[in-house]
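Remarks on the structure that follows.
The values are calculated or read from the model by the stated rules, or taken from the named source; none is laboratory data. Keep in mind that this is a model prediction, so the values were computed, not measured. Counting neighbours? That spans all protein chains shown, and the Cβs are built from the backbone with ideal geometry, glycine included.
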Amino acid sequence: MRVVFVHGACVRDGQWWWHRTAEALLKHGIGSVAPALPSCGEGDQAAGAHGPGLTEDIAAVRSELAGSDEPTVLVGHSYGGIVASEAAVGVASVHHMMFVSSYLPEPGESLSTFGAPEPPPFLDFDPEGGTFGAVPELFAETFMQDCSPELTREGATRLVRQTIAVTQQPVHQVAWHDRPTTYVVCADDRGTPAAAQREFSRRAGKVVQVQAGHHPFLSQPGTMAGILAGLV
């Protein structure tokens, strides 16, 4: 059994965001990977008005999933849940899906479906340049308030501008309708409020709550590894 982790919006280097839980999973004999997302500039094209979007992100994750027939738990974090939902369609090796403080879309829904009328203060949108990103000054207190100062500093160096089109591009199919699905509610999340997470979690088969902020795989890796080991 392995775990494939899909990181959230406006950051790069999913392997780093996942590394503490990856290390904890190894103690359970479980390996894991975190594919790069092209819309975050993690490829041969820059993010922007003509940059890669949701389609390319889905293709990147599907490529990783297709590269092994090992039974897989697919984990989507935040925006990564949008990507994971379609990437797993038709992939027989995905035995379970887990969504962490994540969007859980139906076909035809996109990030904009779930957005508030006004953009949140911790995100900066540049329609002319075709990108959006986290506001650096608000990043720590919004997304990593329960992480160590060292992790927070390292996380801040991995902020990127992402192709803004991903906020409007809908999924066309979803895999979670016919797969066992667990939703992890992060009760102390300041980026995606717990109330919104609980609404998404109604679509999942099982719900687990942790007292954590937006990145529990960094702040509580043992807890997250334990949840995943239980699914295996």
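Evaluating T167 against the criteria (1) under 20 Å from T55 (Cβ atoms); (2) in contact with a Lys or Arg (Cβ under 6 Å, 6 or more places away or on another chain) leaves one unmet condition, (2).
Mind checking which residues of the range 169-224 are under 30 Å from G90 (Cβ atoms), surrounded by 15 or more Cβ atoms within 10 Å (Cβ to Cβ), of a type in the set (G, A, S) and in contact with a strand residue (DSSP E or B) (Cβ under 7 Å, 6 or more places away or on another chain)? Answer for the range 169-224, where residues must be under 30 Å from G90 (Cβ atoms), surrounded by 15 or more Cβ atoms within 10 Å (Cβ to Cβ), of a type in the set (G, A, S) and in contact with a strand residue (DSSP E or B) (Cβ under 7 Å, 6 or more places away or on another chain): A175, S201, A204. Would you confirm whether any residue within the range 15-25 is within 30 Å of P127 (Cα to Cα), surrounded by fewer than 24 Cβ atoms within 10 Å (Cβ to Cβ) and in contact with a strand residue (DSSP E or B) (Cβ under 9 Å, 6 or more places away or on another chain)? So far as the range 15-25 goes, yes, one or more of its residues are within 30 Å of P127 (Cα to Cα), surrounded by fewer than 24 Cβ atoms within 10 Å (Cβ to Cβ) and in contact with a strand residue (DSSP E or B) (Cβ under 9 Å, 6 or more places away or on another chain).
From the list T113, T163, the lone residue that is without any contact (Cβ under 8 Å) to a residue 60 or more places away in the chain and not small (G, A, S) is T113.
Across the range 1-48, the number of residues qualifying as part of a strand (DSSP E or B), among the small types (G, A, S) and either touching a residue at least 60 places away in the same chain (Cβ under 8 Å) or closer than 25 Å to E150 by Cβ (or both) comes to 1.
Of the helices (runs of 4 or more DSSP H) that lie entirely inside the range 49-167, those containing 2 or more residues that are more than 18 Å from the chain's Cα centre (by Cα), at pLDDT 95 or above and surrounded by fewer than 24 Cβ atoms within 10 Å (Cβ to Cβ) span 136-143, 149-156. Candidates in the range 137-185 are the residues that are basic (K, R) and touching a helix residue (DSSP H, G or I) at 6+ places or on another chain (Cβ under 9 Å); of these, the one that is farthest from M97 (Cα to Cα) is R153.
Restricting to the range 173-232, name every residue that is within 23 Å of A116 (Cβ to Cβ), free of Cβ contacts under 8 Å to residues at least 24 places away in the same chain and assigned to a helix (DSSP H, G or I). Listed by number, the residues that qualify are A194, A195, R198, E199.
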